[in-house]
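The block underneath contains the structure these notes are about, expressed in C-alpha cells.
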Amino acid sequence: MLKFDERGLIPAIAQDHLSGQVRMMAYMNQAALQQTLSSGKATFFSRSRGALWVKGETSGNVLSVVQVVADCDADTLLLSVLPVGPSCHTGRPACFFRRVTAGGELADQASEAAPFLMELGEVLESRKASSAEKSYTKSLLIGGPDKIGAKLREEADELALAIKNESDERVLSEASDLLYHAMVGLTQRGLTLRQVIEVLAKRTHQSGHAEKASR
C-alpha cells in the first residue's frame, strides 16, 4: 500500500519519459492520484489552495502520464510523462535549474539539470557560436552535410569492424565516436536526440518489418 503522510499527501516527481529529465515535483492526495490514473494527465494537490489542480489545465502545458511508479518505501511516486511545453511556472522547461553552492547558496544556471546526452546536445548547439580554430565540433558544422556525412560513414565502418574483430573497449570507443558524430549531424539540421527517441518510441510496439514497409 502507498504511504501517504499525516496530511494525506505523497510527493510525486515528474520525469520526461523519453529524455529522463526531471521536470517538476509536487504533491498528490488519493483523489489526485486517482484522477491522474483515470485521465492520463498529471493532477496534483495544491497545499496553498487546498484543491486539486491539473497541470497545464490553463496554460496547455500538460503532462501526459505514461505510468506511475512507487519507490521501494512506497512513500514517493515517480510519474513518467510526455510533457507539452515548459513544466516550470517560470516558463523554463524544468524546475531544477538552481545550483546549490558549497556554501549552501543558490545560483541560477543557464540550463536545467538534465541527463548527460541532453547536456551534450546543448554543448553541441553552443558550438555554433564558437570559432572553428578552437572547436572540432564547429569545424564539422562549418563543413556541413558533406563533411559530417563522411565522418559518419567512416565511424560506422570502424564500429562495424570493431564489433567483428576487436575488444569490447574498442567497440565502446567506436560506438561513442559514431554517436557523437550522429548528434553533430542532428545539431547541423536543427534536430535533437529526443526527437530521435520519439521516433524509436513510436516503433516500439510495431513489427520492424511492418515499420519498414510503411516508410
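Scanning segment 65-93 for residues that are of a type outside the set (A, V, I, L, M, F, W, C), within 18 Å of residue 32 (Cβ to Cβ) and exposed (fewer than 14 other Cβ atoms within 10 Å of the Cβ) yields 67, 71, 75, 89. Kindly indicate whether any position in segment 8-29 is at pLDDT below 95, more than 18 Å from residue 94 (Cα to Cα) and hydrophobic (A, V, I, L, M, F, W, C). No; the residues of segment 8-29 include none that is at pLDDT below 95, more than 18 Å from residue 94 (Cα to Cα) and hydrophobic (A, V, I, L, M, F, W, C). Quick check on my filter: what residues within segment 1-26 are touching an Asp or Glu at 6+ places or on another chain (Cβ under 9 Å) and either surrounded by 16 or more Cβ atoms within 10 Å (Cβ to Cβ) or in a loop (DSSP other than H, G, I, E, B) (or both)? Matches in segment 1-26: 2, 3, 4, 5, 10, 18, 21, 22, 23.
I'd like to check something: does segment 201-210 contain any residue that is at pLDDT 95 or above and either assigned by TED's automatic domain parsing to the domain that holds residue 82 or over 25 Å from residue 91 (Cβ atoms) (or both)? The answer is no; no qualifying residue exists. Within segment 153-166, residues that are at pLDDT 95 or above reach partners that are surrounded by 13 or more Cβ atoms within 10 Å (Cβ to Cβ) and among the hydroxyl-bearing types (Ser, Thr, Tyr) with beta carbons closer than 8 Å, at six or more positions or on different chains, in the pairs 162/173.
Restrict the check to segment 34-46 and report whether at least one residue is among the β-branched types (Val, Ile, Thr), over 24 Å from residue 117 (Cβ atoms) and buried (at least 16 other Cβ atoms within 10 Å of the Cβ). For segment 34-46, residues among the β-branched types (Val, Ile, Thr), over 24 Å from residue 117 (Cβ atoms) and buried (at least 16 other Cβ atoms within 10 Å of the Cβ): present. All conditions in (1) buried (at least 16 other Cβ atoms within 10 Å of the Cβ); (2) under 30 Å from residue 15 (Cβ atoms) hold for residue 140, with the sole exception of (2).
The values are calculated or read from the model by the stated rules, or taken from the named source; none is laboratory data. The structure presented is a predicted model; accordingly, all values stated were derived computationally and were not measured. No Cβ is skipped: glycine too gets one built from the backbone with ideal geometry, and neighbour counts run over all protein chains shown.
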